[in-house]
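Read the structure below first, then the notes.
None of the figures in this text is laboratory data; all of them are computed from the coordinates on show. Small disclaimer: the values here were computed from a predicted structure and weren't measured. Cβ coordinates were reconstructed from backbone atoms using ideal geometry, including for glycine residues, and neighbour counts include every protein chain displayed.
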DNA sequence: TACTAGTATGCTGCATACAGGAATTAAAGA
DNA sequence: TCTTTAATTCCTGTATGCAGCATACTAGTA
């Protein structure tokens, strides 16, 4: 341990190096391509082609593909490389159940641990979402929606829970988007969110848990026909 | 579908090709090395060295390392390669809480979905564990213990839940092993297991959930001093 | 015409080679 | 003797080349 005796200049800036590696770059890029549908489910990934498109050689791309395979976005077929994971209704239901269990845990802890300003920030995010809803702006609404769920879990203070939740949510991102088709369904989802925020502000864990579970049950009902 | 008209010889053996890729082989090998402690937490992984040890070149090894990093067993440090993830008490507690939430979900579904023969098999596994306990055989006891938890979740019928649970459990494997140090603590853990099996046989979900949660709370108490 | 065997192409999987950077050690100055 | 700096060594990150396998296409046969 040869720690430097003197303080480093600008110690506050010394930390957040958080170097953006090429690996991270590639992983995120391909992940986005999957989520956004540029690489549709079931599509085979052509390493040489995609590598040329991204301006990199096959090796780092392959490493990124293996990484994403472990996250569950890709499937590795021996001798045929990576194909975009395509999941059926049963698997989707399973994932939503797990998500429900995780958000249940998060709900209790958030009610206990979140500060008032945390909750105020969550409310602000909700209000922003409502504005997008009023304007019928689906994409921004959707992004806010996701952010609220993510924030709700992050406020639990359990970092591992947040990471696990995020991992699952990213996989559902494409599918969940279709869950708000139709004005009626959309209105129902909004109402559920409104009730959830109110329950957090009241710091009522039992009520929040009930709402979260129902919200995800309903999400399943909203998307089940589509899948 | 071009099914051959005549029966193939030994059709039961025709199926299980299930090609074992070198990639899978490497991933599993390194994962075991981490779990078994050959690669201790905090250790830097030397690609050339480890590759030579396993008789492979760096390329497939690197792909496997990226894979494991995504699973959370390794951490990728830019410019310094992969180091074995070392987690502190807080992260361990977080993981056990998530595990608790997942097993809670599994407990309810298993009570509802498991067949009688499933439960009988679980009891048999439990009995086997008790024999190892009686003989003081820690390693086999431990393996049975893990198998029971895994089976309990698998019987829920939710494959995604099972996979998520297994992923977390594999990460805890090393640490949990120390949780049974001392005769008193060990006896307590055994008693909890006994009660859990009884609750499953009675198909009493509420009781099983309470026991599962308490079991993991106690696991935390058993290991918290050590970490 | 349909089906099988043979062939050719293209992609994956792995090994090797090279470039850039980090860590360590040695050397020089205070 | 300790600190600082420079140089060397090793390791990571990326590119490229080659072997093996899977798929697609073509020709031949029933």
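Label-to-label distances for residue B:191 across copies, nearest first, come out at 5.0 nm, using points 7 Å from Cα in the beta-carbon direction.
Where a ≥ b ≥ c are the square roots of the eigenvalues of the C-alpha gyration tensor, would you call segment B:98-191 rounded, which needs a/c under 1.5, or, failing that, prolate if a/b is larger than b/c, or oblate? In terms of gyration-tensor shape, oblate.
A straight line joining the Cα centroids of segment B:56-99 and segment A:31-53 runs 25 Å. The protection proxy used here, the mean number of other Cβ atoms lying within 10 Å of each residue, ranks peptides B:72-80, A:139-147 as follows, highest first: A:139-147, B:72-80. If every alpha-carbon in segment A:11-84 counts as one equal scatterer, what log10 I(q)/I(0) does Debye give at q = 0.18 1/Å? The calculated log intensity ratios at q = 0.18 Å⁻¹ are -0.67. Measuring from each Cβ of chain A to the axis carrying A onto B, the nearest residue and its distance in whole Å come out as A:70, 1. Across the identical copies, the label point of residue B:221 (7 Å from Cα in the Cβ direction) is separated from its matches by 4.1 nm, in order from shortest. Calculated on the Cα set of chain A, radius of gyration then Dmax: 20.4, 65 Å. Here the protein assembly as shown has an Rg and Dmax of 23.9, 82 Å, counting Cα atoms alone. When all alpha carbon pairs of segment A:56-99 are counted in 5 Å bins from zero, the resulting P(r) reads 6, 20, 20, 23, 14, 9, 6, 2 %. Taking every residue in B:68-80 and counting other chain Cβ atoms within 10 Å of its Cβ, the average works out to 3.
Neighbouring Cβ atoms from other chains, within 10 Å of the Cβ of residues in B:161-170, number 3 on average.
Only Cα pairs under 8 Å and 6+ residues apart enter the sum, and on that basis the relative contact order of segment B:11-84 stands at 34 percent.
In this assembly of identical copies, the label point of residue B:123 (Cα plus 7 Å along Cα-to-Cβ) is separated from its counterparts by 5.5 nm, sorted shortest first.
Segment B:182-202 and segment A:118-142 have Cα centres spaced 48 Å apart.
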